[in-house]
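Encoded as structure tokens, the structure appears first; notes follow it.
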Amino acid sequence: MNHPRTDPVDAHFLDRAGSLGREPASLGARLTPQRALELFDSQLGSRHLDLAARRLRAQGAGYYTIGSSGHEGNAAVAAALRPTDPALLHYRSGGFYLERARQVPGVDALRDVLLGVVAATEEPISGGRHKVFGRRELAVIPQTSTIASHLPRAFGVAFSIDRATRIGVTGGWPSDAVAVCSFGDASANHSTATGAVNAAVQVGFRGLPMPLLLVCEDNGIGISVPTPAGWITQAYTGRPGLHYVAADGSDLVSAVDGAREAADWVREHRRPALLHLRTVRLMGHAGSDVESAYRRPETITAELARDPLLGTARLLVGCGVLSPGEVVARYEAKREQVWDVAREVADLPGLSTAASITAPITRRSPRAVAQAAATAAGGAERAAAFGVAPPEDGPPVTLAQAVNRTLSDVLAAHPGALVFGEDVAVKGGVYGVTRGLAKQVGAARVFDTLLDEQTVLGLALGAGVSGLLPIPEIQYLAYLHNAVDQLRGEAATLQFFSDGRYRNPMVLRVAGLAYQKGFGGHFHNDNAVGALRDVPGLVIAAPARPDDAAAMLRTCVAAAAVDGTVSVYLEPIALYHTRDLHTDGDGGWTTPYPPPHTWADHHVPIGRARTHGDGTDLTLVSFANGLYLSLRVAARLERAGIGVRVVDLRWLAPLPVEDVLREAQATGTVLVVDETRRTGGVSEGVVTALVDAGFTGRISRVAAADSFIPLGDAALHVLVSEADIEKAAVAAVRG
């Protein structure tokens, strides 16, 4: 394996560094000769990792070539922080990663990065799933390549540092830690970034701690689109509530001074700051990027003149720390060091089976989850939550009441549990589901957020990775789609890209689905769950009855605590306050709240269905509102001589295939009742699962129309009705 010096950036550095004159320079107040040499070493390592990645790719041994060249000044940011400060890094943060690793003995950062480049299973964070900057020992949380998507989580991490101390639990970071988040100037324009910055400033404005250091590495271009000159300065200078510090990433003294000023300010004031680190982008966006196709030659030449490695070399030579020859010798020695590692890792094996690839998002501990789900708070804690009259001594409860009582039990049993969202605290939620919880445990654990779903989820992501147990609420299912990437691109991927070394447990409560008698139209009757069912590893609970609602919520919380599971707990609004099933006053949709000593007997494992009835003619398969409708229809069919059993899926992901198949085989005829849409709805998955499992009986389905839900009685024309179910059921039985 050779390493010819053919890259223009490589050749330019060698040409200029070897002929540097000794122009007088100063290390400033914060740098010593030894510290400057250490930072130079991190910068050199980052540069040669980029060169190695491109040459590995050219030889077919590497897969990732987005590099950090021109951004090596971010090593100064790592130098200004502690290795216990949580870091969520831009993908051009090679200098930061190497300098952070210097602070922690036993970490070979060069090997870490190269293992990621070649997608080797030995890579210490993702296990070969992606090239990311991350390592548990370094408090570096791996991030995806989606621009700016990590900023809401960074906001949540910063919030959780002080919130853990306030509620008296041990979090994932020291109580005086600073969360650092780096991103590019192009990413700064993304709505995700602007929303996260706004949230951080708003929290600080309210007087709450927000120790967040935002680092905008401004190289003036996003792939091929230039950022207007001066835009970042204009956008962030003088913004109330956001301390602004500017520094030149090509000048090591400026970068060190600026980074230290910003980091110290955040640590002291517990308020957000933005470090505007001016950088350059060398060697294009990635290995396949031909800059000359969209940048003028004089622009590329001007960028080379601002190479941060040349800037540091000029500083060291000017201060008499190194001679030009010694600079070149260090550069070439680092090249050899990196290439020695590259040779070693180039042929290491990568992931080779589907099971090994999906392992981080499929690991389950059902026994431990069952045990945790059956564990209640101690007597004193429960008494503090419920007083002298525990809910199991009261009358039967509705679905909304069951969720409320269970949340009380969860808050009593888990000191790190937080319930938050829009209107959940003083008001107690739009439908009263969280009423009384804030009074029970206080405003530090049950609180209202900004009216921004992205912020709600980002806060949950940060809390989960910080050792807390977040239970956020999204007010309506339609509102979730504003921020679904925080679930898909951030929550669901963290365990995947960290091989389980990091996790962000979360139980996301979402009020949704339809049948609200036309109220609110689509935005309050959204029945679209396809975007959720498409997220690998995401658990989706869809309770219908109060007893299942309580048990399933306990399961989701237990799975979060035990396995780090991310769950969406989808609550059917139309059934919140329903009491009767067949006739007025029958109380058929209420159940007693179960006492803790029965929880083990009524545990609902993830992915297990529930069957109502034992008829032998027809199996109805449904969930949520569809279960309610199907049970009503089943009673009429029974009176007509058609024996029916009704399967409540309860879990939309993973689907309870084993249970559905068993009940389908018991009758030989299946009708799937799907309140979601015919295209992209739940029934597609159920039917496919039955076919895949070899079911040879009759299968049909009835589903909502492929339509948004209109306002008023018009909604009845696109949703599944009892008449639709009954007609389809009779047709299915008669063949």
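A few comments on the model shown:
- D (Stokes-Einstein, µm²/s), Kirkwood Cα radius, segment 613-667, 0.692 mPa s at 37 °C: 291 µm²/s
- Axis of helix 453-465 versus longest Cα principal axis of the chain: the two differ by about 80°, to the nearest ten degrees.
- For segment 112-213, the list of trypsin sites (Lys or Arg not before Pro) that fall in a loop by DSSP and count at most 16 other C-beta atoms within 10 angstrom reads Arg206.
- The label point for Ser707 and the one for Phe205, both projected 7 Å from the Cα toward the Cβ, are 4.2 nm apart.
- Rounded, prolate or oblate (a/c below 1.5 giving rounded, otherwise prolate when a/b exceeds b/c) for segment 203-260 by Cα gyration tensor: oblate
- Using only the C-alpha atoms, the convex hull of segment 675-716 corresponds to 58 Å³ per residue.
- Straight-line reach from Lys334: taking Cα to Cα under 23 Å and skipping same-chain neighbours fewer than 8 places apart, the lysines in range are Lys131.
- Neighbour cut-off at most 10 other Cβ (10 Å), DSSP loop, chymotrypsin sites (Phe, Trp or Tyr not before Pro), segment 90-121: none
- Relative to its Kirkwood radius, the Cα radius of gyration of segment 402-448 gives an Rg/Rh of 0.91.
- Charge tally for Asp586 (other residues, Cβ to Cβ under 11 Å; Lys, Arg +1; Asp, Glu -1): -1.
- Counting only alpha carbon atoms, the long axis of helix 657-667 and the longest principal axis of the chain meet at about 20°.
- Listed by chain and number, the lysines whose C-alpha is less than 19 Å from the C-alpha of Lys427, apart from same-chain residues fewer than 8 away, are Lys439.
- Amide N proximity, segment 192-217 versus Thr165 label position 7 Å along Cα-to-Cβ, cut-off under 12 Å: 209-211
- Cleavage-rule hits (trypsin sites (Lys or Arg not before Pro)) in segment 504-541: DSSP loop, at most 14 neighbouring Cβ within 10 angstrom: Lys517
- Using alpha-carbon coordinates, inclination of helix 546-563 to the longest axis of the chain, degrees: 20 degrees
- Burial order of peptide ranges 415-421, 574-580 (average beta-carbon count within 10 Å, highest first): 415-421, 574-580
- When you count the other C-beta atoms within 10 angstrom of each residue and take the mean per peptide, 454-462, 661-669 line up highest first as 454-462, 661-669.
- Per-residue ellipticity at 222 nm computed for the chain from its helices equals -12500 deg cm²/dmol, with DSSP H segments shorter than 4 residues left out and the rest contributing -39,500 (n - 2.57).
- With the convex hull constructed from alpha-carbon coordinates only, segment 625-715 shows a mean projected area of 6.7 nm² over all directions.
- Extension gain, Thr616 to Thr353, is 90.5 nm, computed as 0.36 nm per intervening residue step minus the present C-alpha separation.
- Rel. contact order, % - alpha carbon contacts under 8 angstrom, at least six apart, segment 647-735: 30 percent
- Global geometry of segment 491-584, whether rounded, prolate or oblate, following the gyration tensor of its Cα atoms and the 1.5 cut on a/c: oblate
- Ser288 sits among other residues whose Cβ lies under 12 Å from its own Cβ, and their net charge, with Lys and Arg +1 and Asp and Glu -1, is 0.
- DSSP bridge pairs, the chain: antiparallel proportion in percent, nearest 5: 15 percent
- Computed over the chain, relative contact order equals 12 percent, with contacts defined as Cα pairs under 8 Å that lie 6+ residues apart.
- Across segment 278-398, Cα-Cα pairs farther apart than 19 Å form 78% of the total.
- Mean Cα-pair separation over length for segment 1-70, i.e. relative contact order, pairs under 8 Å, 6 or more apart, %: 20 percent
- For the peptides 581-587, 385-391, the ranking by packing is 385-391, 581-587, with the highest mean count of neighbouring Cβ atoms within 10 Å listed first.
- Note on Ala368 and Arg636: with the Förster distance fixed at 35 Å, the Cβ-Cβ geometry gives a FRET efficiency of about 0.20.
- Working note: Debye formula, equal point scatterers on the alpha-carbon atoms of segment 527-627, no solvent; log10 I(q)/I(0) at q = 0.10 Å⁻¹ is -0.33.
- Centroid-to-centroid separation of segment 508-568 and segment 674-735 [C-alpha atoms, Å]: 20 Å
- Estimated FRET transfer efficiency when R0 is 25 angstrom, pair Phe519-Asp423 (beta carbons, to 0.05): 0.90
- Separation of segment 442-462 and segment 354-406, taken as the distance between their Cα centroids, equals 21 angstrom.
- Each of Gly512, Ala259, Gly241 was placed along the dipole of the chain (beta-carbon charges, centred on the mean Cα), and the one lying farthest toward the positive end is Ala259.
- Whether segment 570-721 is rounded, prolate or oblate, judged on the alpha carbon gyration tensor where a/c under 1.5 counts as rounded: rounded
- Length released on extending from Glu268 to Ser26, taking residue separation times 0.36 nm less the Cα-Cα span: 84.3 nm
- Hydrodynamic radius of segment 129-251 per Kirkwood, over alpha carbon pairs, in Å: 15.7 Å
Values quoted throughout were computed directly from the atomic coordinates according to the rules given, and no laboratory measurement underlies them. Computed from a prediction, not measured in an experiment: that's the story for all the values here. So basically every Cβ, Gly included, is an ideal-geometry build from the backbone, and we count neighbours across all protein chains shown.
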